[in-house]
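Undergrad: Supplied in structure tokens, the structure appears directly below.
The values are calculated or read from the model by the stated rules, or taken from the named source; none is laboratory data. Because the structure is predicted, anything quoted here is derived from the model rather than measured. Heads up, the Cβs are rebuilt from the backbone with ideal geometry, glycines too, and the neighbour counts pull from every protein chain shown. Areas reflect the complete protein model, heavy atoms only, side chains present, ligands, DNA and RNA absent. Shrake-Rupley method; radii C 1.70, N 1.55, O 1.52, S 1.80 Å.
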Amino acid sequence: MTAVTKWALGVAVLAVALIVALLPRDTGSSAKNSEDLTAARAKAALAACPPAGGDVPQLRGVSVECLGDGAKVDLGTAFGGKPALVNLWATWCEPCKTELPVLAKYAAEPGAVRVLGVQVESKAADGLELFATLGVHLPSVFDGGSQVRKALKTPPSLPASYLVTAGGEVRFIENPRVFDNTDQVRAAVEKVEGAR
């Protein structure tokens, strides 16, 4: 091997080593993301997700992540046989940003059914940031794979609310589509519960 060939080979090896050194790596990025979500979760201070119990056949096998603590939640058993209002929302949805504080206020009233938010079509970190900005602390789950939307056959526009009855039936709340005040929420829940 000539000196020129050895020199060219050495330069090529160094070039490859430099390229490999400069390539982005995924090593540790999931740990970094967990740390980022941990800080965002602490700032958002969301209420705990519902405990397991009861049966909602339409949501059987739908496993999502609790935004508050990152735990897996099986929505088919998450309502404990008690009625709950399930609200699907996204961070890009302007009506959702108006409705989330209304739902939080309703959830704090005596006699309110439990409220569970389902974040769709946006990043979990963005949802946690929105909750912190709005000062809303509703229990919420992250539906990154659109499993909830598919199971509920959610219309394309958001927000979308459903009442899960104590018997595990899921009913879409059509009117109003967006809640402006707690009286509307209470009336819609009572109307859907009364229609059983």
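Undergrad: So which residues in the range 124-139 are closer than 13 Å to C66 by Cα and open to solvent by less than 30 Å² (accessible area, probe 1.4 Å)?
TA: Keep residues of the range 124-139 that are closer than 13 Å to C66 by Cα, which gives 124-125, 127-128, 137-139.
Result: A124, G127, L128, L138, P139.
Listed here are the residues, each with its yes/no results for (1) touching a strand residue (DSSP E or B) at 6+ places or on another chain (Cβ under 9 Å); (2) modelled with pLDDT under 95; (3) not in a strand (DSSP E or B).
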site	(1), (2), (3)
A104	yes, no, yes
E109	no, no, yes
G117	yes, no, no
S161	yes, no, no
G168	no, yes, yes
R177	yes, yes, yes
D183	no, no, yes
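Undergrad: If you check C66 against the conditions, is it closer than 26 Å to E174 by Cβ and touching a strand residue (DSSP E or B) at 6+ places or on another chain (Cβ under 6 Å)?
TA: Details: closer than 26 Å to E174 by Cβ: no; touching a strand residue (DSSP E or B) at 6+ places or on another chain (Cβ under 6 Å): yes.
Criteria not met by C66.
Undergrad: What pairs can you find where one residue is in the range 50-70 and at positive phi, the other is assigned to a helix (DSSP H, G or I) and open to solvent by 10 Å² or more (accessible area, probe 1.4 Å), and their Cβ atoms are less than 8 Å apart, with a gap of 6+ or different chains?
TA: Within 8 Å, the pairs are G70/S34; G70/L37; G70/R41.
Undergrad: Could you check the range 59-96 and list, in sequence order, the residues that are buried (at least 18 other Cβ atoms within 10 Å of the Cβ) and either basic (K, R) or in a helix (DSSP H, G or I) (or both)?
TA: The answer is L59, C96.
Undergrad: Among the listed residues D180, D143, identify the single one that is of a type outside the set (F, W, Y) and either open to solvent by 60 Å² or more (accessible area, probe 1.4 Å) or under 17 Å from E99 (Cα atoms) (or both).
TA: Values: D143 fails: either open to solvent by 60 Å² or more (accessible area, probe 1.4 Å) or under 17 Å from E99 (Cα atoms) (or both).
Only one candidate passes the filter, namely D180.
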